[in-house]
Every structure is written in structure tokens, then in C-alpha cells.
1. Can you tell me which residues in segment 47-63 are within 16 Å of D6 (Cα to Cα), open to solvent by 50 Å² or more (accessible area, probe 1.4 Å) and out of contact with any Leu (no Cβ under 6 Å at 6 or more places or on another chain)?
2. Just need a number here: residues in segment 33-46 that are of a type in the set (D, E) and open to solvent by less than 40 Å² (accessible area, probe 1.4 Å).
3. In segment 4-32, which residues are surrounded by 12 or more Cβ atoms within 10 Å (Cβ to Cβ) and either at positive phi or part of a strand (DSSP E or B) (or both)?
4. Filtering segment 33-46 down to residues that are assigned to a loop (DSSP other than H, G, I, E, B) and modelled with pLDDT of 95 or more, which residue is nearest to V5 (Cα to Cα)?
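The values are calculated or read from the model by the stated rules, or taken from the named source; none is laboratory data. Since this is a predicted model, take the numbers as computed values, not measurements. All Cβ positions, even for glycine, are placed from backbone atoms using ideal geometry, and neighbour counts span all protein chains on display. Heads up: the accessible areas ignore ligands, DNA and RNA and are worked out on the full protein's heavy atoms, side chains in. Shrake-Rupley method; radii C 1.70, N 1.55, O 1.52, S 1.80 Å.
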Amino acid sequence: MSAIVDMAVTALTEKLEGGTFDAGSVKFQIEDEGSVMMDSDGVRASDDEADCTLIADAETFQEILSGELNPTAAFMGG
């Protein structure tokens with residue numbers, strides 16, 4: 001597991017305040033780093049199947065997590 005994936009798991013867990021994501025399952029695929037799964041089991045490094053998969057490079061994903069980049073703007077901008 002990469003440091004980027006570890007950081008993403010920590011950041012998303014904090015954003016959920018240690019809770020779970022009960023609206024289905026989402027996978028964040030970070031190019032050349034790995035994947036993070038968010039579902040009713042919480043947040044973890046995983047490449048399991050998900051209801052929705054979002055793919056971004058590490059820089060874009062870090063900008064989204066830090067609040068520097070709006071996720072909708074990132075999606076619409078390709």
C-alpha cells in the first residue's frame with residue numbers, strides 16, 4: 001500500500017468522523033497508487049467492486065481532499 005493511499009484512508013476516516021458511508025459504496029482509484037473503498041464497513045484500502053468508482057491522479061485527489069479543488073469542478077474538467 002502506498003503512502004498516498006494510507007493518507008487517503010486517514011483523511012476520509014476523519015471526514016466521516018470514524019463512522020461509515022451508508023449510501024452504497026464508492027471506490028477512489030488513485031492512478032499508480034491503489035484504491036480506497038468507502039462503504040458501510042467504513043474506509044479501507046481495497047480494490048473491491050463498488051457502486052461508483054472515481055479515478056484521479058494522486059495530485060488531483062490530494063487537492064480534492066485538502067479542499068483546494070472542488071470535486072464537481074474536477075469531474076467536469078476531466
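1. Those that are within 16 Å of D6 (Cα to Cα), open to solvent by 50 Å² or more (accessible area, probe 1.4 Å) and out of contact with any Leu (no Cβ under 6 Å at 6 or more places or on another chain): D47, D57, E59, Q62.
2. 1
3. V26, K27, F28, Q29, I30
4. Here the answer is E33.
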